[in-house]
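Notes to accompany the following structure.
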Amino acid sequence: EGRLMSKINIFCFGYGQVAEGFINKLIQEKKDFDLSITSRQETHQIELNNLKITSYHFTNDKFDSSIDKKLKEANYILISIPPIEGKDIVAKYFDKNLQSITNCKWITYLSATSVYGDHKGEWVNENSTTKPTSPNGSSRLAAENTWKKISNKHKYPLQIFRLAGIYSKEFNILKRLQTGKLQVVDKKNHFFSRIHVEDIANILFKSLDNFKNNEIYNICDDKPASQSDVAAYGAKLLNLKNPNTVKLEEVESEMLRNFYKDSKKVDNKKMKNFFKYNLKFPTYVEGLEYIFNNNL
């Protein structure tokens, strides 16, 4: 009987590396859970670690109507679908279709630290001015505000995670250094923050039992650094020469140019204090060393 009680229902809008990391953590911790996810494909079943998962069809204009019922049962709802043409399609769906979700303990909206914009290399915390410089940052901020608005309107329990640059064993600077696909821009005093995907998963896990309504947290590690510092450390590990640097004017990719518009150091004290969490990878040094020693 007790075991039945302890089963949790989880619904993930989108199933990217963060959602997957979170689910792997639940499996590792031997949590008993029921999982539903969405994708752009027609509704189908998938298997994960002997777990049967339904992946529901969900796009901007079409969705499987049985999502409604599933969401009413859900205890935890994780939203990792980015804004589409500046709009949050999940928020739109919730506002139209879900007046109340009684079993829900939290909705976590995964935002990004790009909402802060450029702070000229200074520290930012959750109370700092948000003045995004990129279309990406602006649509993230708009999505946060939409979620706040509809959560107040329908009394949803909401928390927002502003994620720094995510790296993992699949996606990291070591891989890009090895393929020679890394462009390091020579820009003085350019700071940005990052976070290993496992740390995000651990914090989501901690927040199953530790939640406060309507809060925003920066999710990042302890050491904001320049791209060239991180690249130099990666090159040292791999025994490669430091990659050549290019001038910002020479960069073709608009995404990369936008990345270099913003310089800020993101403060993670609120996250560490509230979730009582010690980072597994406090800086890129531990993170890259771990990837190097376990993967390559």
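Here residue 215 fulfils each of the conditions (1) open to solvent by 60 Å² or more (accessible area, probe 1.4 Å); (2) touching a residue at least 24 places away in the same chain (Cβ under 8 Å) apart from (1). Of the residues screened, residue 219 is one that is at pLDDT 95 or above and closer than 25 Å to residue 132 by Cα. If only residues of the stretch 105-134 that are of a type outside the set (Gly, Ala, Ser) and without any contact (Cβ under 8 Å) to a residue 60 or more places away in the chain are counted, the one that is nearest to residue 88 (Cα to Cα) is 109. In the set 174, 204, only one residue is touching a Gly at 6+ places or on another chain (Cβ under 6 Å), modelled with pLDDT of 95 or more and among the hydrophobic types (A, V, I, L, M, F, W, C); that residue is 174.
Can you find a residue that is among the β-branched types (Val, Ile, Thr), under 26 Å from residue 295 (Cβ atoms) and in contact with a Leu (Cβ under 9 Å, 6 or more places away or on another chain) anywhere in the stretch 154-170? Scanning the stretch 154-170 turns up no residue that is among the β-branched types (Val, Ile, Thr), under 26 Å from residue 295 (Cβ atoms) and in contact with a Leu (Cβ under 9 Å, 6 or more places away or on another chain). When residues in the stretch 222-241 are screened for being free of Cβ contacts under 8 Å to residues at least 24 places away in the same chain and either touching a Cys at 6+ places or on another chain (Cβ under 9 Å) or more than 15 Å from residue 286 (Cα to Cα) (or both), 2 of them pass. For the stretch 1-33, the set of residues classified as surrounded by fewer than 18 Cβ atoms within 10 Å (Cβ to Cβ), touching a residue at least 12 places away in the same chain (Cβ under 8 Å) and outside any strand (DSSP E or B) consists of 3, 6, 7, 16, 17, 24, 27, 29, 31, 32, listed by residue number.
Quick check on the stretch 44-93: of everything there that is acidic (Asp, Glu) and more than 20 Å from residue 34 (Cβ to Cβ), which residue is farthest from the chain's Cα centre (by Cα)? Selected residue: 61. Just to be sure before I move on: is residue 171 surrounded by 17 or more Cβ atoms within 10 Å (Cβ to Cβ), within 28 Å of residue 231 (Cβ to Cβ) and of a type in the set (Phe, Trp, Tyr) in the structure I sent? When the stated conditions are applied, residue 171 does not pass them. Counted as qualifying within the stretch 34-138 are the strands (runs of 3 or more DSSP E) with 1 or more residues that are of a type in the set (S, T, N, Q) and over 30 Å from residue 258 (Cα atoms), namely 44-48, 51-57. The set of residues from the stretch 165-199 being within 24 Å of the chain's Cα centre (by Cα) and assigned to a strand (DSSP E or B) comprises 165, 166, 167, 184, 192, 194, 195, 196.
The values are calculated or read from the model by the stated rules, or taken from the named source; none is laboratory data. Note that the coordinates shown come from a computational prediction; the quantities given were computed from them, not determined experimentally. Reconstructed Cβ throughout: ideal geometry from the backbone, glycine too, with neighbour counts over all protein chains shown. Keep in mind that these areas ignore ligands, DNA and RNA; they rest on the heavy atoms of the full protein, side chains included. Shrake-Rupley method; radii C 1.70, N 1.55, O 1.52, S 1.80 Å.
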